[in-house]
Amino acid sequence: MTAPTSALGSPSTPLPAEVDVAIIGGGVMGLSVAEHLAEISSLRIAVIERSYLASGASGRNGGGVRMQWGDPENIALMIESIQIFGTLAQKLGINTWFRQGGYLFVARNSASEAALVRSVELQRQLGAPTKVVDARGIRQLVPELSTEGVWMAAHNPRDGVVFPWALVWGYAQQAARHGVAIRTHTNVTRATPRERGFELELGTGEKLRAARIVNATGAWSGVLNRSLGIDLPNRAERHEILSSEPLKPFLDPLVVDLTVGLYVSQSTRGELVTGITMPGGHGRGTDIDLGQSLAFLRHLSRALIRLMPVCAALKVLRQWSGPYDVSPDGDAIVGPSPGVPGFIQLCGFTGHGFMMAPAVGRIVARWLARNETHPILARWNPSRFRGETLARRENLIIG
């Protein structure tokens, strides 16, 4: 599957001398904002990406999208996002391979069971069709799954999986149709505040004036922030994932073993796509290593075979890593930067920005174009960090 080259931007895409909104970062979040913003306004918009589109976290994730969260605002946001996912193939003119096979969360201890029972009750109150599933129900959904040591599970049939690259390409294609300039393989070397907006200096030697800037660079957002004296606590965190040889289709839902943070789904071509939370945490740092490790393969193999013994002879086709952009309280960081209000943060999604991007793009676009508020923006305000420790509200963060 390919998208037209012109829709994916180019190092030679002409940039105007001045724009109303410059979006730095050509991942799914930046392009979702660009597409929604261009659709509802006549603002001049440019997207600037230092590499190719989907070169960062957007092209390195497993594509899962779910309503199953433990916090009411996240549940409501993802109900909205999944509704949008269902319309995107037609709207964007590209097959996103959106498949609603559901998510099956498996609990192996009392703490995981309690978390799932609470979250199921909350999800149902908000309109999500999630149900508690016993061992018999688990075997009906996934006969190959071993229920030994499993206490219970939660299942939502409307959760699903999307092909990440297709979604990014679709947003780029539609944004370009609306007149958004998409420049790739171009680094932003400096952003300087001016009397009315900012001046961007590009690695090509070009300069671009922008009334407002959206920092959608994810795990690399701190580089631009520090250049403007903006100090935010989100940090990059390395996570690994792998894809197996193709197997005859047998796995409809994306399965999560909540106790160990394992997730596994099967693609439309038959590969198993799987990752896991590493004991002791994941590597962190500014220059994050996106290579592979044997430690990840060993740890994941043990957990996956325990969950589905049929995977014991599975051959690995590809293994890679990607960056989570982690905030200390697990909530995203979205809105005007402290002290630099025209520099808009769109970061800190803690590994779940891909699934939230359709709803977040629409929310942020309406705010930028119409000053339309949304409750989640108050919660995600970058100014919330003032030295105190913020409690984490969400307990269903996986990977």
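FYI, it's all coordinate maths here, none of it is from the lab. Keep in mind it's a predicted model, so treat the numbers as computed, not measured. Virtual Cβ from ideal backbone geometry, glycine too; neighbours counted across all protein chains shown.
For the range 224-306, what's the relative contact order in percent, using C-alpha pairs closer than 8 Å and at least 6 residues apart? Kindly include the intermediate steps, with their values, before the conclusion.
Values: 102 pairs, mean separation 25.9, N = 83.
Normalised by residue count, the contact order of the range 224-306 is 31 percent.
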(message) For the range 7-31 and the range 298-344, what is the centre-to-centre distance using only Cα atoms, to the nearest Å?
(response) 26
(request) Could you check the simple spin-label distance between residue 310 and residue 146, using points 7 Å along Cα→Cβ, in nm with one decimal? (result) 1.5
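So what's the back-of-envelope 222 nm ellipticity for the chain, counting only DSSP H runs of four-plus at -39500 (n - 2.57) apiece and dividing by all residues, rounded to 500? Spell out each step's value before the answer.
Values: 9 runs with 115 residues, N = 399.
Result for the chain, helices only: -9000 deg cm²/dmol.
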(request) Sort 226, 183, 366, 298 so that the residue with the fewest other Cβ atoms within 10 Å of its own Cβ comes first and the one with the most comes last. (result) 298, 226, 366, 183
(request) Sort 130, 373, 189 so the one with the fewest other Cβ atoms within 10 Å of its own Cβ comes first. (result) 373, 189, 130
(message) How high is the relative contact order of the chain? Use alpha-carbon pairs under 8 Å, at least six apart in sequence, and give a whole percent.
(response) 24
(message) Quick check on the range 119-174: what does the Kirkwood estimate of hydrodynamic radius come out to from the alpha carbon pairs, in Å?
(response) 13.8
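Which semi-axis lengths, in whole Å and largest first, follow from the square roots of five times the eigenvalues of the Cα gyration tensor of the range 158-219? Walk me through the numbers before you get to the answer.
Working: eigenvalues 166, 36, 32 Å².
Largest first, the range 158-219 gives 29, 13, 13 Å.
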(request) Report the charge-dipole magnitude of the chain in Debye, nearest 20, computed about the Cα centre from +1 at each Lys and Arg Cβ and -1 at each Asp and Glu Cβ. (result) 220
(request) Any aspartates and glutamates with Cα under 14 Å of the residue 207 Cα? List them, leaving off those in the same chain fewer than 8 positions away. (result) 18, 199
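Sort 227, 110 so the one with the fewest other Cβ atoms within 10 Å of its own Cβ comes first.
Least crowded to most crowded, the residues run 110, 227.
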(message) Pairs of alpha-carbon atoms within less than 8 angstrom and 6+ residues apart define the contacts here; what relative contact order does the range 63-112 have, in percent?
(response) 29
(request) Using only the Cα atoms, work out Rg/Rh for the chain, with Rh taken as the Kirkwood radius, to two decimals. (result) 0.97
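Over every pair of different alpha-carbon atoms in the range 11-70, take the mean of 1/r and invert it; report that Kirkwood radius in Å.
Details: mean 1/r = 0.0755 Å⁻¹.
With all distinct Cα pairs of the range 11-70 included, I get 13.2 Å.
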(request) Compare 59, 203, 348 in a GNM of the chain, Cα atoms joined below 10 Å, and give the one with the largest fluctuation. (result) 203
(request) Would you list which lysines come within 29 Å of residue 248, measuring only between C-alpha atoms, while excluding same-chain residues fewer than 8 positions from it? (result) 131, 315
(message) Run the Debye formula on the Cα coordinates of the range 40-113, all scatterers equal and no solvent, and tell me log10 I(q)/I(0) at q = 0.11, 0.20, 0.21 1/Å.
(response) -0.47, -1.18, -1.22
(message) Report the Cα centroid-to-centroid distance between the range 97-154 and the range 197-260 in angstrom, as an integer.
(response) 30
(message) Ignoring solvent entirely, what values of log10 I(q)/I(0) come out of the Debye formula for the range 263-399 at 0.11, 0.17, 0.19 Å⁻¹ when each Cα is a single scatterer?
(response) -0.56, -1.04, -1.18
(request) Would you calculate the volume per residue, in Å³, of the smallest convex hull containing every Cα atom of the range 334-398? (result) 99
